[in-house]
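As structure tokens, the structure follows; a few thoughts come after it.
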Amino acid sequence: MIARIWHGTVPAAKSDEYLKRTRSVAIPDYRSVPGNCGAFVLRRVEGEVAHFITLSFWESHDAIVKFAGQNAEGAKYYDFDRDFLLEFEPLVNHYEVYED
């Protein structure tokens, strides 16, 4: 299994609306892709900025390609992101997941 981790920042004043959009658009999109094993959104507010992490789990690299395209390490953005994000980080992080 592979964990895919994306990070983004939005103004804290817009973080409730961004969370709502992420939960209603992005997370269902992640979960609709064959090979997705779960997707979650995390939020941490620090003063005027809210940090978001999207954490998703995938059966394989091929499943990630189905979601993100041939550049599996590239971040995937949605139309609504341009109204919220302070910057567009180009890459995500992937980690192998090990269970006991």
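None of the figures in this text is laboratory data; all of them are computed from the coordinates on show. Computed from a predicted structure; not experimentally measured. Don't worry about glycine lacking a Cβ; one is built from the backbone with ideal geometry, like all the others, and counts go over all protein chains shown.
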Evaluation of L85 against (1) surrounded by fewer than 16 Cβ atoms within 10 Å (Cβ to Cβ); (2) more than 19 Å from G38 (Cβ to Cβ); (3) aliphatic (A, V, I, L, M) (one fails), failing number: (1)
Here the residues within segment 57-84 that are more than 14 Å from I5 (Cβ to Cβ), in contact with a helix residue (DSSP H, G or I) (Cβ under 8 Å, 6 or more places away or on another chain) and hydrophobic (A, V, I, L, M, F, W, C) are F80, F84
Going through (1) without any contact (Cβ under 8 Å) to a residue 12 or more places away in the chain; (2) closer than 21 Å to E87 by Cβ; (3) surrounded by 13 or more Cβ atoms within 10 Å (Cβ to Cβ) one by one, V65 fails only at (2)
Among the residues of segment 6-24, is any of a type in the set (S, T, Y), in contact (Cβ under 8 Å) with a residue 40 or more places away in the chain and either surrounded by fewer than 12 Cβ atoms within 10 Å (Cβ to Cβ) or under 17 Å from L91 (Cα atoms) (or both)? yes
Hey, does segment 30-48 have a residue that's in contact (Cβ under 8 Å) with a residue 40 or more places away in the chain and within 11 Å of the chain's Cα centre (by Cα)? no
Scan segment 43-57 and give yes if some residue there is of a type in the set (S, T, Y) and loosely packed, with under 12 Cβ neighbours inside 10 Å, otherwise no. no
